[in-house]
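> Handing you this structure, nothing more for now.
No lab work stands behind these numbers, since they all come straight from the coordinates. These numbers come from a predicted model, not from an experiment. Backbone-built Cβ (ideal geometry, glycine too); neighbour counts: all protein chains shown.
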Amino acid sequence: MSAKSSKSTPDKRRKYDDAFKAEALRLASESRSTQAAAQQVGISPKLLYRWQQAQLVAEVGSVEVARDPEVRQLRAQLKRAEQELDILKKPWPSSASHPGEYLSLHRATADPSARAPALCCA
């Protein structure tokens, strides 16, 4: 048997640049499903999981801390709290755009004769 040299066979593994990895990781962090995010960008979910693990190790500084269940739970709670905060920061369409509009509409449609009779005597 003869061994083929590596120069004659092309490398079948795809190489992804840092911008693509960053976008894939951003989509995965915003999505509820890493598999759905991987499918959306056209890569294997296993590859995206490896990128997430590498990013986590880079942020934390060690593999042991990154795999600690308590750290993972706290990170999930922090992510959830940040998402809730982002939702609460968004303006409410009825209150910010037209303050007092509800009251003026309510007053205009209210029938004065339909009011409840006074309970006490004047």
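> I want to check a number: in the stretch 18-90, how many lysine pairs have alpha carbons closer than 28 Å, given a sequence separation of 8 or more or different chains? All intermediate terms of the calculation are to be shown ahead of the outcome.
On the way: Lys21/Lys46; Lys21/Lys79; Lys46/Lys79; Lys79/Lys89; Lys79/Lys90.
Final tally of qualifying lysine pairs is 5.
> Just to be sure I follow: if Rg is taken over the C-alpha atoms of the stretch 7-59 and Rh is the Kirkwood radius over the same atoms, what is Rg/Rh?
Computed over Cα atoms, the ratio is 1.05.
> Return, for the Cα atoms of the stretch 18-90, the radius of gyration and Dmax in Å, separated by a comma.
13.1, 37
> Here's another thing I want to ask about it. Can you give the charge dipole size of the stretch 18-90 about its Cα centre, rounded to the nearest 20 debye, using +1 on the beta carbon of Lys and Arg and -1 on the beta carbon of Asp and Glu?
Magnitude of the dipole: close to 200 debye.
> At what distance in nm do the modelled label points of Leu88 and Ala58 sit from each other, each positioned 7 Å from its Cα along Cα→Cβ?
A separation of 3.2 nm, rounded to one decimal place.
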